[in-house]
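The values are calculated or read from the model by the stated rules, or taken from the named source; none is laboratory data. All values derive from a computational prediction rather than experimental measurement. Cβ coordinates were reconstructed from backbone atoms using ideal geometry, including for glycine residues, and neighbour counts include every protein chain displayed. Just the protein is used for accessible areas: all its heavy atoms, side chains included, with ligands, DNA and RNA removed. Shrake-Rupley method; radii C 1.70, N 1.55, O 1.52, S 1.80 Å.
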Amino acid sequence: MTFSKIKQTEDEFQVATYAKIGIAVERGSRAWVWTSEGEKYLDLYGGHAVCATGHSHPHVVEAIRDQAAKIIFYSNLVYSGIRAKAAEKLVSIAPNTLTKAFFCNSGTEANENAMRIARMATGREKVITFTGGFHGRTADSISATFLGKYRDIGKPNVPGHVSAVFGDLGSVRAVADLETAAMMLEPIQSMAGVCEAPPEFFVGLRQICDDLGIVLIFDEVQTGIGRTGAWFFAGSEAAGGVVPDVITLAKSLGSGVPVGACLVNDQVSEHIKTNDLGTTFGGGMLAMAAVLATIEAIETDDMISNACRVEQHLRDSLAAFPGVVGIRGKGCLLGIEFDGPCAPIHKKLLESNIITGTSSDPRVLRLLPPLCVTTDEIDMMVEVLSK
Ligand SMILES: Cc1ncc(COP(=O)(O)O)c(C=O)c1O
């Protein structure tokens, strides 16, 4: 099909979702995608922050292919060797207090379950989240999203959600109390414009949660699985070494096969009994093969070190660059802050066959490339910027 036929057909038969880039993607490899018209694009948006291992990494493809030939799916009603291996592997890379995984299908579902787990563990209902945070589009997660229009489009909101200001411990103390079940945050607020908080903020949150018996949840749907130059933001230097009670994951976890997860500690998991949680597709064999192969590919190809190298290279390349006010973020979750709107730059890059992302801060261009992106590929973007 030609691009114009694909566009016409999708627009006719699909309900509107995102504002689309005017290309139809047919195949991909590493940080590159090829279109229906045979054009090649450098994907510095990583298939919407999903394709951490690069597009169609051979090890992930082989694992999915082999698993599909054996059995595609059976639910948690039965045991499964591939699920056992994936759960063990995921827990093995997590901070060591997080000892168990719950598998689901998406980021929003992971966050819904994390909040439910916290309510079960505490017997309380209130949840604190942060201005600028994004947590998903299902009822509880969208009610927890105090960013732009989201709570409005999610009305009627689930009761019991209150917000504090990201980075401001005083605002947290003002709302945290003995009725609070959970505090949930994106440790780097990606959609808000790659906003960061200092390590002391996370240390302070951990202290408040410990003092009041609140479950601390890091939404690592974007930051997890190597993206910020460590397997997780949790426990890193940037987090002041703080490990939450629950980490939620999705995006990179299955290299594009839909899968989400909650990683929980013993204090929390001891409150969860058989039949409290569940989802038909969570922990299915195909998704589990993708999870295991994703982690193996990141390890084998040393992609976490590469993510750190890429960050440093971008920072060096854009230091004292005309129009660039700052670089935000870590590893392969980066925001380039310009001195004016970045929409024209985003457009120019696209015209040069380079896909990047915008954010809800009009001056911040977001890069979420595969963790295998090379410094030469980053240079291609820098060259277009300098023009
Ligand atoms: C930080 C964060 N949390 C949750 C979500 C929701 O994930 P999903 O779209 O898989 O439901 C997203 C999606 O962009 C996200 O970036």
Heavy atoms only, 1.4 Å probe, whole protein assembly: order 352, 386 by accessible area, highest first.
386, 352
With every protein chain kept in place and a 1.4 Å probe, the chain has an accessible area per residue in Å² of 44
Report Rg(Cα)/(2.2 N^0.38 Å) for the stretch 3-72, keeping two decimals.
1.32
Please state, as a whole number in µm²/s, the translational diffusion coefficient that the Stokes-Einstein equation yields for the chain at 25 °C and 0.890 mPa s, with Rh defined as the Kirkwood radius across alpha carbon pairs.
115
Which FRET efficiency value, to the nearest 0.05, do you get for residue 352 and residue 168 by plugging their Cβ-Cβ distance into 1/(1 + (r/R0)^6) with R0 = 35 Å?
0.30
As straight-line cross-link partners of residue 7, the qualifying lysines (C-alpha separation under 30 Å, not fewer than 8 residues apart within one chain) are 20, 40, 149, 251, 347, 348
Of all accessible heavy-atom area on the chain, the percent that carbon and sulfur account for (1.4 Å):
55
In Å, the Kirkwood hydrodynamic radius of the stretch 173-233 over pairs of distinct alpha carbons?
12.5
Among all the lysines, which ones have a C-alpha under 18 Å from residue 85's C-alpha, if same-chain residues fewer than 8 places away are not counted?
70, 100
If each residue of separation counts as 0.36 nm, what is the full-extension length gain between residue 12 and residue 34 once their alpha-carbon separation is subtracted?
5.6 nm
Could you work out the helix-only [θ] at 222 nm for the chain, with each DSSP H run of four or more residues adding -39,500 (n - 2.57) and the total divided by the number of residues, to the nearest 500 deg cm²/dmol?
-11000 deg cm²/dmol
Restricting to the chain, compute how many DSSP beta bridges are antiparallel as a %, nearest 5.
65
Between residue 91 and residue 276, 0.36 nm times their residue separation minus their Cα-Cα distance comes to what?
64.5 nm
Inter-probe distance in nm under a simple model that places probes 7 Å from Cα toward Cβ, at residue 2 and residue 153
3.2
Suppose every Lys and Arg Cβ carries +1 and every Asp and Glu Cβ carries -1, with no other charges. What dipole size does the chain come out with about its Cα centre, to the nearest 20 debye?
640
What is the distance, in nm, between label points placed 7 Å from the Cα along the Cα-to-Cβ direction at residue 77 and at residue 21?
4.1
Measuring from centroid to centroid over Cα atoms, what is the spacing of the stretch 321-387 and the stretch 165-194 in Å?
28
For the peptides 204-210, 78-84, 17-23, 242-248, what is the packing order when you average, over each peptide's residues, the other Cβ atoms within 10 Å and list the highest mean first?
242-248, 204-210, 78-84, 17-23
Mean separation of Cα contacts under 8 Å (6+ apart) over length of the chain, as relative contact order %:
22
